[in-house]
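The values are calculated or read from the model by the stated rules, or taken from the named source; none is laboratory data. Note that this is a predicted model, so its numbers are computed, not measured. Cβ atoms come from the backbone with ideal geometry, glycine included; neighbour counts cover every protein chain shown. Ligands, DNA and RNA are excluded from the accessible area calculation, which covers all protein heavy atoms including side chains. Shrake-Rupley method; radii C 1.70, N 1.55, O 1.52, S 1.80 Å.
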Amino acid sequence: MRARVFPDYEAISTAAAYVVAGRLEEEPSSVLMLPTGITPLGMYRRLVEMHRSEGLSFANATFFNLDEYLGLAPDHRASYHVYMKEHFYGLIDADPARVFVPDGAAPDPEAECERYEAAIREAGGIDVCVLGIGRNGHIGFNEPGAPFDSRTRVVALSESTRKVNAADFEADRAPERAITAGMATIFDSKSVLLLASGTNKAGAVAAAVEDEVSESMPASMLRNHQSAVLFLDEAAASDLGHGVAG
Ligand code: GLP
């Protein structure tokens, strides 16, 4: 796993957008796995700009989202369906038939998870997986302790994650469960790009990069991946010691 430190959030966002755009220019039918949260917003903004002003096309690409809250209908304003539509899928030329977000309102969530894994397999696997990181090191909604061999499944959210995400929900009550792509689902991606910005991610970043690889720090799994890179701003890199490429 390599780490690259950029001066600020805008620089990470631009660099991440270039990674995605470069991949699509090379192979327009690439399969991407994408995150939500505040961190990727700048990358999405850049990609939308590239679509509008430079003609970057997403029409042949396939998209999978990392996760969705369980129990939220796709039109719930705090759902990741709505987030993705507002910030990305609704602003580009994505083919709706090739856009997959786990259905948090599926009557049989277990079957939905299986369906999701099957769709990823059918698409030929993930080429580029873009990730954010939670303050406790979670990736997707794989909280500390998530087995490295896990697949797409229903998970319980930690209290700390629910607290961080509470503001998106009425009465500050975030859902208790989610559907997330599993650790092995993520690990099977041909390449992984993790984005982190801000001092509130510095502890998780340092633990993921420098402590032992452990299921108690989900992002540390990426150290064993042959093509994983971290794009950090200086704040997110501020707890790192020596030995990290600049
Ligand atoms: C959520 C998402 C993650 C995301 C994380 C960090 O819990 N499920 O995929 O990486 O939050 O979000 P942010 O970028 O807002 O800090």
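Going toward the positive end of the dipole of the chain, with +1 on Lys and Arg Cβ and -1 on Asp and Glu Cβ, which of THR161, SER13, ALA118 do you reach last?
Going by the charge dipole, the pick is SER13.
Calculated from DSSP H runs of 4 or more alone, at -39500 (n - 2.57) each and per residue, what is the 222 nm mean residue ellipticity of the chain, nearest 500?
Working: 7 runs with 75 residues, N = 246.
Roughly -9000 deg cm²/dmol at 222 nm, from the helical runs in the chain.
Please state, rounded to one decimal and in Å, the Kirkwood hydrodynamic radius that the chain gives when every pair of distinct Cα atoms enters the mean of 1/r.
17.9
Given an 8 Å cut-off on Cα distances and at least 6 residues of separation, report the relative contact order of the chain as a percent.
Computed value for the chain: 26 percent relative contact order.
In whole Hz, with x marking every Gly and Pro, tabulate ³J(HN,Hα) for segment 39-54 from phi via Karplus 6.51 cos²θ - 1.76 cosθ + 1.60, θ = phi - 60°.
4, x, 4, x, 5, 4, 4, 5, 5, 5, 4, 5, 5, 6, 9, 10
Which of rounded, prolate or oblate describes segment 17-71 when judged by the alpha-carbon gyration tensor and an a/c cut-off of 1.5?
Numbers: a/c = 2.33, a/b = 1.46, b/c = 1.60.
Oblate is the answer for segment 17-71, as a/c is 1.5 or above yet b/c matches or exceeds a/b.
Where the accessible area of segment 74-195 is counted over protein heavy atoms with a 1.4 Å probe, how much of it, in %, is carbon and sulfur? Provide the component values of the computation, followed by the final result.
Values: 2830 of 5570 Å².
For segment 74-195, the apolar C and S fraction of the accessible surface comes to 51 percent.
Compute the accessible area per residue over the chain, keeping the other protein chains in place, probe 1.4 Å, unit Å².
44
Where both residues lie in the chain, what percent of DSSP beta bridges are antiparallel, nearest 5?
In the chain, approximately 25 percent of DSSP beta bridges are antiparallel ones.
Please list, in order along segment 115-127, the HN-Hα scalar couplings obtained from phi with the Karplus expression 6.51 cos²θ - 1.76 cosθ + 1.60 (θ = phi - 60°), rounded to whole Hz, x for Gly and Pro.
So the Karplus estimates, Gly and Pro as x, are 4, 5, 4, 5, 5, 5, 4, 4, 6, x, x, 8, 7 Hz.
Segment 75-115: D in µm²/s via Stokes-Einstein (Kirkwood Rh, Cα pairs, 25 °C, 0.890 mPa s)?
Translational diffusion coefficient: 218 µm²/s.
Around VAL31, which amide H atoms from residues at least 5 apart in sequence, or from another chain, sit under 5 Å from its own amide H, with H modelled in the peptide plane?
Under 5 Å from the amide H of VAL31: THR62, ASP127, VAL128.
For labels at GLU10 and ARG135 in the simple 7 Å Cα→Cβ model, what's the distance in nm?
2.7
Cα atoms only, segment 74-148: Rg and Dmax in Å?
Answer for segment 74-148, Rg first and Dmax second: 13.8, 38 Å.
Using per-residue counts of other Cβ atoms within 10 Å, averaged over each peptide, order 157-164, 214-221, 45-52 from highest down.
The peptides rank, most packed first, as 214-221, 45-52, 157-164.
Would you mind classifying segment 177-231 by shape? Square roots of the alpha carbon gyration tensor eigenvalues, ordered a ≥ b ≥ c; an a/c under 1.5 is rounded, otherwise it is prolate if a/b is larger than b/c and oblate if not.
It is rounded, given that a/c, with a ≥ b ≥ c, falls under 1.5.
Take every DSSP beta bridge whose two residues both sit in segment 15-150, then give the antiparallel share in percent to the nearest 5.
Details: 1 of 9 bridges.
Here the share of antiparallel DSSP bridges comes out near 10 percent.
Enumerate the amide H contacts of ALA3 below 5 Å, restricted to partners 5 or more residues apart or on another chain; note that Pro and chain-start residues carry no placed amide H.
Answer set, sorted by chain and number: LEU230, ALA245.
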